[in-house]
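Report on one structure; see the data block that follows.
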């Protein structure tokens with residue numbers, strides 16, 4: 001068994017760095033795909049991803065967007081091999097600092113505060129996601145788009161409008177009308 005080291009010491013920082021991998025995805029590539037076991041956990045340092053699934057009608061439904069400085073893991077089980085139920089796709093060029101699952105598990109065992117910090121990050125991100133999604137149920141199309149602009153001010157001009165429309169639960173033509181009416 002590996003000795004536990006404190007998170008904010010030179011030993012733990014060196015250990016984290018030694019296990020980290022820098023990867024990049026081109027637009028359209030997947031960080032993970034539904035039904036396939038993911039290989040990594042980590043942070044997106046540059047770019048935008050979208051989480052989407054297919055509806056019963058076979059249509060892509062964008063569930064949410066992930067931009068810079070967000071933790072990426074298999075939903076609630078970053079330390080276990082879980083098969084994702086949705087796709088996480090790069091919609092711009094993306095850069096990441098990631099860890100192989102095996103290496104991540106070793107870090108969690110070796111650095112005792114790391115798991116608590118990651119759990120706090122996951123809870124914060126889930127809360128923010130819920131905060132962003134909940135109002136969409138009761139808002140009309142214009143309010144939904146204006147809320148989107150407020151919640152995602154740094155990404156609206158970096159992603160295709162078809163993904164924004166899907167996220168907002170409307171057709172792209174409806175989104176175009178909304179955008180035209182608020183100018």
Boolean, residue 123 is over 21 Å from residue 65 (Cβ atoms), modelled with pLDDT under 90 and surrounded by 10 or more Cβ atoms within 10 Å (Cβ to Cβ) | no
From the residues in the stretch 134-163 that are touching a helix residue (DSSP H, G or I) at 6+ places or on another chain (Cβ under 9 Å) and modelled with pLDDT under 75, which one is surrounded by the most Cβ atoms within 10 Å (Cβ to Cβ)?
-> 136
Does residue 108 count as surrounded by 12 or more Cβ atoms within 10 Å (Cβ to Cβ), assigned to a helix (DSSP H, G or I), more than 18 Å from the chain's Cα centre (by Cα) and at pLDDT 90 or above?
-> no
If residue 92 satisfies every condition in (1) part of a strand (DSSP E or B); (2) within 26 Å of residue 169 (Cα to Cα); (3) modelled with pLDDT of 90 or more but one, which is the exception?
-> (1)
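The values are calculated or read from the model by the stated rules, or taken from the named source; none is laboratory data. All values reported here derive from a predicted model rather than from experimental measurement. Virtual Cβ from ideal backbone geometry, glycine too; neighbours counted across all protein chains shown.
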